[in-house]
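Notes for the one structure printed next.
The values are calculated or read from the model by the stated rules, or taken from the named source; none is laboratory data. Quick caveat: nothing in here was measured; it's all calculated off a predicted structure. Cβ sites come from the backbone with ideal geometry, for glycine too, and all protein chains shown count toward neighbours. Heads up: the accessible areas ignore ligands, DNA and RNA and are worked out on the full protein's heavy atoms, side chains in. Shrake-Rupley method; radii C 1.70, N 1.55, O 1.52, S 1.80 Å.
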Amino acid sequence: EEGLRLDPADVRERAALGQLLAANGRPDEAEAAFAAALSLAPEDADVLERRGRARLSAGRRADAKADLARALELRPQSPELKELLRSLEPAREPFERPYLLDARALAASAPAPREDEDAIVLGELKVTRVLPSGLSADWHQTVVKVLTARGADSHRQQAIGWVPDRQEMKVERARVWRPDGTAVDAYDEAERSGSEPWYRLYYDTRVTTLSFPTLAPGDVLEVAWRVEDVAGENLLSDYFGDLTFVEGGTRKALFDWVILAPARRPLHALVPAGVERTERPLEGGLVEHRFVAKDVPRVVSEPAMPGWSEVARFVHVSTYASWDEVARFYWGLVKEQLRPTEEIRRTAARLAAEVLGRPPGAPVAPPPEGWDERTKRALVAAAYGFVVSQTRYVGLEFGIHGFQPYRVDDVLRRRFGDCKDKASLLHALLSSVGIDSRIVLLRMKRLGRIPESPASLAVFNHAILHVPELDLWLDGTASHTGSRELPGEDRGASVLVVNPGAAAWFGTVPEAPAGASLTETRFDVSIAPDGSAAVRGRSRVAGAQAPQYRRAYLSEHDRKAQLEKAFNRTFPGLAVRSLALSDLGRLEEDVTLEFALDVPRYAEREGEGMRFGPFGRGTGFVESFAPLSSRRHPLVLGEPWENRFTYRFELPPGFAVAEAPEDAAVEGGGISLTVRHRIEGDSLVVDGRVAFEVGRVPAEGYAAFREAAAAVDRAFARRVRIAPGAVGGGRP
């Protein structure tokens, strides 16, 4: 009481007073003390727990349960509180119980297998209980009938991810039902870190793997587990969002996702065709949102198909009503982390001084009219090059830092960071020299694009930067990529551009035109009388393919071996005599190569003459890009590109062209090709271009693409015949 006289607003002291009064048999005074504490902090879990325990001791069981239940909602990480509440409600029904699958009954009524099926998912159930805080608990249950040995192999292990500091995971069922109806509960359990050190990404996630070594054809596998959030607070305010795939690589007889959410929290959802959504109110102010699909066909995978969210149906739910809400929350989460410090400003000034040709320490403030476009591009390139080359890619994705970047001064000081950290550091550097930029949340292309609704944080796995004035998209993790060479994984990806104080923009990163990724190559080929050849060449590589060359030829020691590997299928048995490359550290410059090769069997003897393919024996386009006769899904080719080439052939003394192919042209299906042949003095010159003008081919356009690829292969496969004393070359 004396403490409260000195500090009447001390909530803990009032709760302690209430507890002491209750223990001394003064319940009315205790209630008044607890009420005073709750008037100061109505959402204080500790006060509610203390009052609940005091009421329980006084025999007020119903009131005690209400207090303890509310305290558990506010502090779900307390196992003691959870056990106490369970002891008061021994018959309390778990939230998933009304929906549980009966594995034995499902096995007895399993549908007949279809051709080429290895397994059938008889039932897949997910029940999600969402708390008012946005924290949640998930119950998962899967029942799978195994049909073949391959199906047994693919379902022999079940991996479950969870975060120990913020979640509890418990395996509830893990059994194999034999064809005779007996159940075997034997399984192995192992746990490992969910980190990906090969990508330099480190998470606080653990992965529990259940293994069923005796699983065999004819068995039914049943696995059920729960994962409950037990953290004291939601890292993402009160947001809840999730994406669950309806379809997978195995046919599903039943898909059932139940979400039990507070009635006062609207749940926005994307519900695909073939999925039935129902809603009904439940006791306790809850609403049951249910998504059910039956006889769900399997997705047949194909090489180079789009990401899974473009080929498989999914249900996506979120408590956000718009992308503006998502962007406002995310900007509030990150804005203080992006604030430039004096060290950031000094670094930006040093980089700008180098660009502007000024001495170190000279003022670099933009002129009143602002930087001209050329200077802006140079400043962006300098800051981008610094972030790419002077900060290592390492992600410490612990707790809130799975979503929030570290402070930019910490990233600069430590010289490492993940995608969010690098984008934030680049933003701060550009801001320090007066260039506006935007943080961009991105879903990498390999995961597949997503529709515009609903708005959610659950779909993104990457972060980059956008400079609106220059329409530049910058990925600070692309270590061998220039500022104009956005990686293919980012092109065509779904993004949310965070615009502080303005409307957010959700859309797709534009694809680059074919001409932006250009390779120009010239070969001077001197053919010897024995069919061998000396080749001198020069290549210039610009755009999306340049980073591949910078990465492949980074080690000077291995460069010749790398070039031999690259050309070996085109020129079997070749040896590299010399190789010179441009400075691969200059990310804003095109890559150039000059090389000399010895090819032992360029031309083949044919009587007194010889035949050779001007383009060697490279892999065909059909083999590389269109090996399937037909497709269900679009074909993802990557970045559009163009290759221009010139071959000049110096023939052996006394030889001339006896037969030369006709010029060739292909146009259609997203491919274009031109090849021209001409005689210049004693030499044969073959030049032209080939281009992939699209980044993806729709399934209905695949036949035309494949036909065009075959026409290109035929054009490249045609051969030239040379012979001693030939006149006229076989063509005018």
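Out of Val498, Gly488, Ala174, whose Cα points farthest toward the positive end of the dipole of the chain (charges: +1 Lys, Arg; -1 Asp, Glu; placed on Cβ)? The residue sitting most towards the positive pole is Gly488. Computed over the stretch 78-205, the convex hull of the alpha-carbon atoms projects to a mean area of 11.7 nm².
In the stretch 417-465, the alpha-carbon atoms span a convex hull of 84 Å³ per residue. The residues packed around Asp295, meaning those with a beta-carbon under 10 Å from its beta-carbon, carry a net charge of +3 if Lys and Arg are +1 and Asp and Glu are -1. Measuring spread by the Cα atoms of the stretch 349-419 yields a radius of gyration and Dmax of 15.3, 44 Å.
For the stretch 195-307, the alpha-carbon coordinates run over 45, 39, 34 Å along the three principal axes, in decreasing order. For the listed peptides 427-440, 107-120, 358-371, 596-609, a ranking on the average number of other beta carbons within 10 Å per residue, highest first, reads 427-440, 596-609, 107-120, 358-371.
Between Glu288 and Arg280, Leu282, the built amide H atoms are under 5 Å apart, and every one of these is 5 or more places off in sequence or on another chain.
Counting heavy atoms of the protein chains alone, Glu233 has an accessible area of about 120 Å² for a 1.4 Å probe.
Quick one: net charge of Arg491's neighbours, Cβ under 12 Å, K/R +1, D/E -1? Result for the local shell: -2. Checking the Cα-Cα distances for Lys252/Lys445; Lys65/Lys170; Lys145/Lys170; Lys422/Lys560 against a 28 Å cut-off, the pairs over it are Lys422/Lys560.
Counting heavy atoms of the protein chains alone, Lys65 has an accessible area of about 60 Å² for a 1.4 Å probe. Extent along the principal axes, Cα only, for the chain: 121, 80, 41 Å, with the longest axis given first.
Considering all different alpha carbon pairs of the stretch 1-136, the Kirkwood hydrodynamic radius works out to 18.2 Å. Looking at the stretch 530-672, the accessible area is 49 square angstrom per residue; that uses a 1.4 Å probe and ignores ligands, DNA and RNA. Remark: the stretch 273-326 projects, on average over all directions, an area of 6.2 nm² (convex hull of Cα atoms).
Short-range pairs are left out: with C-alpha atoms under 8 Å and at least six residues apart, the relative contact order of the chain is 8 percent. Residue-wise HN-Hα couplings along the stretch 178-185, as the Karplus relation 6.51 cos²θ - 1.76 cosθ + 1.60 with θ = phi - 60° gives them from phi, are 6, x, 7, x, 7, 10, 10, 9 Hz; Gly and Pro carry x. When the helix-only estimate is applied to the chain (DSSP H runs of n ≥ 4, each -39,500 (n - 2.57), divided by the residue count), what is the mean residue ellipticity at 222 nm, nearest 500 deg cm²/dmol? Value at 222 nm, helices only: -7500 deg cm²/dmol.
Working note: Debye formula, equal point scatterers on the alpha-carbon atoms of the stretch 222-286, no solvent; log10 I(q)/I(0) at q = 0.14, 0.16, 0.22, 0.29 Å⁻¹ is -0.64, -0.83, -1.31, -1.45. Ranked by the mean number of other Cβ atoms within 10 Å per residue, highest first, peptides 263-271, 143-151 order as 143-151, 263-271.
Volume per residue for the stretch 496-622 equals 147 cubic angstrom (convex hull of Cα atoms). Per the Kirkwood formula applied to alpha carbons, the stretch 445-512 shows a radius of gyration over Rh ratio, Rg over Rh, of 0.94.
Charge dipole of the stretch 511-632 (Cα centre as origin; +1 on each Lys and Arg Cβ, -1 on each Asp and Glu Cβ, all else neutral): 340 debye, rounded to the nearest 20. Taking the C-alpha atoms only, the angle from helix 11-23 to the longest principal axis of the chain is near 40 degrees. Taking a ≥ b ≥ c as the square roots of the Cα gyration tensor eigenvalues, the stretch 352-490 comes out prolate, since a/c reaches at least 1.5 and a/b is larger than b/c. Taking all C-alpha pairs of the stretch 245-400, those more than 20 Å from each other amount to 72 percent.
Count Lys and Arg as plus one, Asp and Glu as minus one, and take only other residues whose Cβ is under 9 Å from that of Ser133; the net charge is then -4. Dipole magnitude for the stretch 155-270: computed about the Cα centre from +1 point charges on Lys and Arg Cβ and -1 point charges on Asp and Glu Cβ, it is near 260 debye. At q = 0.19, 0.20 Å⁻¹, what is the base-10 log of I(q)/I(0) for the stretch 112-160 according to the Debye formula with one equal point scatterer per Cα and no solvent? Please give it to two decimals. Normalising to I(0) and taking log10 leaves -0.70, -0.74. About the centre of its Cα atoms, the chain shows a dipole size close to 960 debye [charges on the beta carbon of Lys, Arg (+1) and Asp, Glu (-1) only; nearest 20 debye].
Accessible-area rank, largest first, for Asp524, Asp372: Asp372, Asp524, with all protein chains present and a 1.4 angstrom probe. Rounded if a/c is under 1.5, else prolate if a/b is larger than b/c, else oblate: which is the stretch 582-712, with a ≥ b ≥ c the root eigenvalues of its Cα gyration tensor? Oblate is the answer for the stretch 582-712, as a/c is 1.5 or above yet b/c matches or exceeds a/b. Dividing the C-alpha radius of gyration of the stretch 148-225 by 2.2 N^0.38 Å, with N its residue count, gives 1.29. Projecting the Cα atoms of Ser437, Phe255, Ile722 onto the charge dipole of the chain (Cβ charges, centred on the Cα centre) puts Ile722 farthest toward the positive pole.
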